[in-house]
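Single-structure report; data block below.
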Amino acid sequence: MEFRDQVIRVLAEVLGDKLSAEKIKQVLEKPKDLALGDYAFPAFLLAKTLHKAPQQIAAEIVQKINQEHFEKIQAVGPYVNFFMDKSQASAAVISTVLRQQFSYGDQDLGKGGNVPIDMSSPNIAKPISMGHLRSTVIGNSLAKLLKKVNYHPIKINHLGDWGTQFGKLIEAYKLWGSEEEVKADPINKLLEYYVRFHKEDVAHPELDEKARGWFKKLEDGDEEAIRLWKWFRSESLKSFMKIYEKLGVEFDSFNGEAFYNDKMAEIVSILEKRDLLKESRGAQIVDLDKYDLNPALIRKTDGATLYITRDLAAALYRKRTYNFVQSLYVVGNEQTNHFKQLKAVLKEMGEPWSDDIHHIPFGLITQDGKKLSTRAGRVILLDEVLDDAVQLARKQIEAKNPNLENKEQVAKEVGVGAVIFHDLKNERMNNFDFNLEEVVRFEGETGPYVQYSHARAMSILRKAKEEGHVLNEQENYSLNDPESWEVITEIAAFPKMVKRAVVEYEPSVIAKYGLHLAKAFNKYYAHSKVLKDDEQLYARLALVKSVATVLKESLNLLGVHAPDKM
RNA sequence: GCGCUUGUAGCUCAGCAGGAUAGAGCGACCGCCUCCUAAGCGGUAGGUCAUCGGUUCGAUUCCGAUCAAGCGCACCA
């Protein structure tokens, strides 16, 4: 299956004593141009040991090498270029995909190990913004990727459902809010109160005092405070669920910050027992000087705990509950230091699994170059972006394919798919400035482009079936024309891409791959007629089927639907 | 000031853990629907790979310095 191994094997036969198979594997490369073959071995590194010109070495290798299973092997300058036997190779790839279907690319990297993923984690009483989208879709895609390589992902929505902001919210609600208003439009009203609070507390600092008082009451179990908190939480969650439904994301746990309230005392006592807690400026800290980090603030001057205390409790809870092999946190890169501290404190606590904790950071979304801020009221509401995208998809369908059935369903899949794909197609760490037209674009390197390619493939298969052509999936179909070869090499690369995406925690690898495969396929069927009744017809159909399968699976790994028609 | 991240065509980004003339999309310009959905395909124009050094037979890729941008730097999360 892996063509690369074939090349390494024959090279090792010739170079065995001079270069190990491992070394050959390292230097073997893929030429940029298919005209230079499928693989290339650069002879430079033998020049020194053999005291010969690399050109000459390349020529000698070609003379000695076993060419049996290759179309040809030739020396071009200092390179040995390998051309795979297209018939053999295409038969191997196509039959593998036809047999394995959507499990093509599955691997056992994880041995079934548990991997909790901390993702999405919006704050109660605030709307889900574009910033949360990143964490949500990256986490969701990583979960699907991890599952594909036999890990067991556990998606945890670590809700921001506790903290001093609830004091502010309660105070603001008591001052300006009403039950009817909130019931009618919970998130927006609650946000309105919150923003107003931050506007007014500049001139009226006594508001902060009151807010602190409310939060204290909340912590002490005051009936009214608890009632309001629960109400805000459930209303918020309801509206979050609507968005998650649109995105097609589900969670295994909604244990948020409040869940750990009763689990922090243990952390503090462990730290005390290990003599790690120190007093500094009235607060209690863990000194992390030896890690070159700022001290971790465990308790504020007033005795209240902080973010990191909660995260320590959560980390320990997750280890105990899931006995994870890795624990992931899909959180913005501005929190890099926090996670370094978290790992360092766990290490100080003597927990060796602190090394299994990985922060998966991602870049910032800005608007007009400025950071989004709920307090400043500068938010891009995800819900609105999704609705806009679906609306545009509807218009697109009316213009391009007005007779389509399930228009509404397809519009949702395409619109939402565009938004998700846009977020995943570039490396996580890149920042991007929000631009609605860019996000909901349907042409070029976009989700809809990949979806469209898949729909076209399905359309060809449908038509073939109507004409009475049925594929036998046990048959060995092979193609040896140069037009299909580029598509075949892309399909063959899929398992490697899955692995890379997992190892790098980088969904963009799959998004980029999907674009490449789609592009190769679009080019292919634009230049070769598939439904032509000749002896290669079934082989071409098998190729189209393989493409459709891998495109759909790629999109699936990103959390994007692949409609059969669009 | 210190730390992290980033710096490739007008714009948005690739470049697979150093190699053969630096790629794609968008935008601009020009072609292609009596032919499997033109959300497509083809072509032209556009780059001293931030700068300067170093390692190497070879550097956009590795190392160092400089410059620029973003983020962070204990009582928010």
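The values are calculated or read from the model by the stated rules, or taken from the named source; none is laboratory data. Keep in mind that this is a model prediction, so the values were computed, not measured. Glycine gets a Cβ as well: all are built from the backbone with ideal geometry, and neighbour counts include every protein chain shown. Protein only, heavy atoms only, side chains kept; ligands, DNA and RNA dropped before computing areas. Shrake-Rupley method; radii C 1.70, N 1.55, O 1.52, S 1.80 Å.
Given a 1.4 Å probe and heavy atoms of the protein chains only, how would you sort A:LYS18, A:LYS238, largest accessible area at the top?
Values: A:LYS18 90, A:LYS238 120 Å².
Final ranking, largest accessible area leading: A:LYS238, A:LYS18.
Between A:GLU438 and A:GLU181, what length in nm is gained on full extension when 0.36 nm per residue of separation is reduced by their alpha carbon distance?
Values: separation 257, 0.36 × 257 = 92.52 nm, distance 3.49 nm.
The span from A:GLU438 to A:GLU181 would gain 89.0 nm if fully extended.
Given labels modelled 7 Å from the Cα in the Cβ direction, how far is it in nm from A:GLN474 to A:MET241?
About 4.8 nm, to one decimal.
If you plug each phi of the range A:296-311 into the Karplus form 6.51 cos²θ - 1.76 cosθ + 1.60 with θ = phi - 60°, what whole-Hz ³J(HN,Hα) values come out, in order, with x for Gly and Pro?
3J(HN,Hα) across the range A:296-311, in whole Hz: 8, 8, 8, 9, 6, 3, 7, x, 5, 8, 10, 2, 5, 4, 4, 5.
Compute the distribution of all C-alpha to C-alpha distances in the range A:64-179, in bins of 5 Å from 0, and list the percent of pairs in each, rounded to whole numbers.
Computed distribution, short to long bins: 2, 9, 10, 10, 9, 9, 9, 9, 7, 7, 5, 4, 3, 3, 2, 2, 1, 0.
So, with a 1.4 angstrom probe, what is the percent of accessible area on the range A:218-264 that is carbon and sulfur? Present the calculation step by step, with values, prior to reporting the outcome.
On the way: 1180 of 2490 Å².
The nonpolar share, carbon plus sulfur, comes to 47 percent.
Which one, A:TYR524, A:PRO116, A:GLN26, projects farthest toward the positive side of the charge dipole computed for chain A from Cβ point charges (K/R +1, D/E -1)?
So the residue furthest toward the plus end is A:GLN26.
How large is the convex hull of the C-alpha atoms of the range A:224-380 per residue, in Å³?
Each residue corresponds to 172 Å³ of Cα convex hull volume.
Out of A:GLN56, A:ALA12, A:PHE83, whose Cα points farthest toward the positive end of the dipole of the range A:3-84 (charges: +1 Lys, Arg; -1 Asp, Glu; placed on Cβ)?
Checked the options; the winner is A:GLN56.
What is the packing order of peptides A:212-218, A:112-118, taking the mean over residues of other C-beta atoms within 10 Å and listing the highest first? Present the calculation step by step, with values, prior to reporting the outcome.
Working: A:212-218: 18.7, A:112-118: 20.9.
The most tightly packed comes first, giving A:112-118, A:212-218.
Taking Cα centroids, how far is the range A:413-440 from the range A:282-321 in Å?
Each part reduced to its Cα centre gives a spacing of 35 Å.
Please calculate the 1.4 Å probe accessible area of A:MET241, with all protein chains present, and give it to the nearest 10 Å².
Near enough 80 Å² of accessible area.
How far, in nm, would the chain grow between A:LYS465 and A:ALA265 when pulled straight, counting 0.36 nm per residue and subtracting the alpha carbon separation?
This chain segment gains 65.4 nm when fully extended.
Please list the non-local residues whose amide H lies under 5 Å from the amide H of A:ILE154, H modeled 1.01 Å from N, same-chain partners needing a gap of 5 or more.
So A:ILE154 has HN proximity to A:VAL115, A:ILE117.
Express the accessible area of chain A per residue in Å², computed with a 1.4 Å probe while the remaining protein chains stay in the model.
47 Å²
Please compute the length gained on full extension between A:ASN522 and A:GLN74, using 0.36 nm multiplied by the number of residues separating them and subtracting their Cα-Cα distance.
Going from the current span to full extension adds 158.2 nm.
Quick one, what does Rg over Rh come out to for the range A:389-558 if you take C-alpha atoms and the Kirkwood Rh? Kindly include the intermediate steps, with their values, before the conclusion.
Values: Rg = 17.0 Å, Rh = 17.1 Å.
Using Cα coordinates only, the ratio equals 0.99.
First check a/c for the range A:222-276, with a ≥ b ≥ c the square roots of the eigenvalues of its C-alpha gyration tensor; if it is under 1.5, answer rounded, and if not, answer prolate when a/b is larger than b/c or oblate otherwise.
Oblate, because a/c is 1.5 or more while a/b does not exceed b/c.
Can you work out the Karplus-derived ³J(HN,Hα) for every residue in the range A:189-202? Use 6.51 cos²θ - 1.76 cosθ + 1.60 with θ = phi - 60°, whole Hz, and x for glycine or proline.
Each residue's phi maps through the Karplus curve to give 5, 4, 4, 4, 4, 5, 5, 4, 4, 5, 6, 7, 6, 5 Hz.
Take A:LEU364 and A:ALA53, extend 7 Å from each Cα along the Cα→Cβ direction, and tell me the distance between the two endpoints in nm.
Rounded to a tenth, the inter-label distance reads 5.6 nm.
Can you work out the PRE-style zone for A:ASP108? Point 7 Å along Cα to Cβ, and I want the residues of the range A:128-156 with backbone N under 14 Å.
A:149-151
Mind jotting down a quarter of the surface of the convex hull over the alpha carbons of the range A:477-566, in square nanometres, one decimal?
The orientation-averaged projected area of the Cα hull of the range A:477-566 comes to 6.1 nm².
When the dipole is taken about the Cα centre of the range A:163-247, and only Lys, Arg (+1) and Asp, Glu (-1) are charged at their Cβ, what size is it in debye, to the nearest 20?
The dipole of the range A:163-247 has a size of about 340 debye.
Rounded to whole Å, give me the distance from the Cα center of the range A:189-215 to that of the range A:506-566.
Cα centroid of the range A:189-215 versus Cα centroid of the range A:506-566: 54 Å apart.
Step through the residues of the range A:45-53 one at a time and calculate ³J(HN,Hα) from phi using the Karplus curve (6.51 cos²θ - 1.76 cosθ + 1.60, θ = phi - 60°), rounding each to whole Hz and writing x for Gly and Pro.
6, 8, 4, 5, 5, 8, 6, 9, 6
So if I place +1 on the C-beta of Lys and Arg and -1 on the C-beta of Asp and Glu, and nothing else carries charge, what would the dipole magnitude of the range A:389-558 be about its Cα centre? I want it in debye, nearest 20. If you can, show how the numbers build up before the last one.
Values: 23 positive and 25 negative charges, 38 e Å.
Approximately 180 debye in magnitude.
Please report the orientation-averaged projected area of chain A, defined via the convex hull of its C-alpha atoms, in nm².
Approximately 32.3 nm², given one-decimal rounding.
In the range A:389-558, carbon and sulfur make up what percent of the accessible area (probe 1.4 Å)?
46 percent
Expressed in nm², what is the orientationally averaged projection area of the convex hull enclosing the Cα positions of the range A:3-84?
4.7 nm²
Helix-only mean residue ellipticity at 222 nm, chain A, DSSP H runs n ≥ 4 weighted -39,500 (n - 2.57), per residue, nearest 500. What is it?
Working: 21 runs with 308 residues, N = 566.
So the calculated ellipticity at 222 nm is -17500 deg cm²/dmol.
Using +1 on the beta carbon of Lys and Arg, -1 on that of Asp and Glu, and nothing else charged, what's the dipole of chain A about the Cα centre, debye to 20?
That gives a dipole near 600 debye.
With a point put 7 Å past each Cα toward its Cβ, work out how far A:VAL503 is from A:THR301 in nm, to one decimal.
So the label points at A:VAL503 and A:THR301 sit 5.1 nm apart.
How long are the semi-axes of the ellipsoid equivalent to the range A:369-448, from square roots of 5 times the Cα gyration tensor eigenvalues, in whole Å, largest first? Present the calculation step by step, with values, prior to reporting the outcome.
On the way: eigenvalues 139, 43, 17 Å².
Each semi-axis is √(5λ); the values are 26, 15, 9 Å.
Per residue, what volume in Å³ does the Cα convex hull of the range A:163-247 take up?
92 Å³
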